[in-house]
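Only one structure is covered here, and it is reproduced in the block below.
Please treat every number below as a calculation from the coordinates, not as lab data. Note that the coordinates shown come from a computational prediction; the quantities given were computed from them, not determined experimentally. All Cβ positions, glycine included, derive from the backbone under ideal geometry; neighbour counts span all protein chains shown.
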Amino acid sequence: MSVRVSFYSIFRDLAGAGETSVSVAAGATVGDVVEAVLERFPKMRPMRKSMLVAVGVDYQRFDHALKEGDEIALFPPVQGG
Amino acid sequence: MRRELTITAGPIDEAVLLRARVVPHTMGAVVHFLGFVRGDEQGRPITALEYEAFERMARHQFDLLFDQAEKSWPLDSIRLVHRVGRVKAGEASLWVEVIAPHRAEAFAAAQFLIDEMKRVVPIWKKPI
């Protein structure tokens, strides 16, 4: 299945793009998508530990199973205020 | 509970916000907080901060925080304004108001909202 991935803040700078889409097997997890993204954009790899992941508008862990049509956002720790 | 969230690229007009304040006679405490952009970031001078939000998610996460605050304290009202885009040093980037029966609840809820916002609401800033 195809999953759309958006980048925010420094992640967009490191990727050189605001979004991408990756193909993963049915039943893939957030972690599988993150790995595919890091393969494509290796400059983001040092940020993996602090990376936050949302599916839709909710935070999810790397073991969360995805379904067709899910939209993922990857970003660094937030800094509002 | 009254709740108002504004995410705006325009300046925070405190006079307008204060005119819209409604304090019912059962409420004894209003706490409001203004966060300003400082002219330095980690010891280096800056002229502004550029704020970016993942707005759809930010609104949802603020809603969840407002829900938690409403469950935790007997609040009458939460109003919060956060700026996005370029905010010059010396300008306000955040305005929060909590109205509650007593000061302890109002202070605690305001502190909670700001602390949790900095942990979960997807907004970032870049020094200019």
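Short-range pairs are left out: with C-alpha atoms under 8 Å and at least six residues apart, the relative contact order of segment B:1-105 is 48 percent. Segment B:39-99 to segment A:4-34: how many Å between their Cα centroids? First find each Cα centre; the distance between them is then 27 Å. Seen against the Cα atoms of chain A and their longest principal axis, helix A:30-40 is set at about 60 degrees.
Ranking B:36, B:64, B:48 by Cα position along the charge dipole of segment B:31-93, where only Lys, Arg, Asp and Glu carry charges on their C-beta atoms, puts B:48 farthest toward the positive end. For segment A:2-75, the residue among A:74, A:46, A:22 whose Cα projects farthest onto the positive side of the dipole built from Cβ charges is A:46. Taking chain A as a Gaussian network of alpha-carbon nodes connected by springs under 10 Å, the highest mean-square fluctuation of the residues A:53, A:24, A:37 belongs to A:24. Taking a virtual spin label 7 Å from the Cα of residue B:46 along the C-beta vector, which residues in segment B:98-128 bring their backbone nitrogen under 15 Å of it? Residues B:123-128 fall inside that zone. The mean sequence distance of close C-alpha pairs (under 8 Å, at least 6 residues apart), as a share of the length of segment A:2-75, puts its relative contact order at 44 percent.
The order of A:75, B:33, going from fewest to most other C-beta atoms within 10 Å of their C-beta, is B:33, A:75. What you get for chain B, charging only the Cβ of Lys and Arg (+1) and of Asp and Glu (-1), is a dipole of about 180 debye around the Cα centre. Among the trypsin sites (Lys or Arg not before Pro) in segment A:33-81, those located in a DSSP loop and surrounded by at most 13 other Cβ atoms within 10 Å of their own Cβ are A:61, A:67.
Listing B:6, B:26, A:20 from fewest to most neighbouring C-beta atoms within 10 Å gives B:26, B:6, A:20.
The Rg/Rh ratio of chain B, with both radii computed over alpha carbons and Rh defined as the Kirkwood radius, is 0.98.
The C-alpha atoms of chain B define a longest principal axis, and helix B:55-72 lies at about 30 degrees to it.
Find how much the distance from residue B:111 to residue B:4 grows on full extension, using 0.36 nm per residue of separation minus their present alpha carbon separation; answer in nm with one decimal.
Fully extending the segment from residue B:111 to residue B:4 adds 36.8 nm.
Rounded to the nearest 20, the Cβ-based charge dipole of chain A about its Cα centre (Lys and Arg +1, Asp and Glu -1) stands at 300 debye. Mean projected area of the convex hull spanned by the Cα atoms of segment A:2-75, taken over all viewing directions: 4.2 nm².
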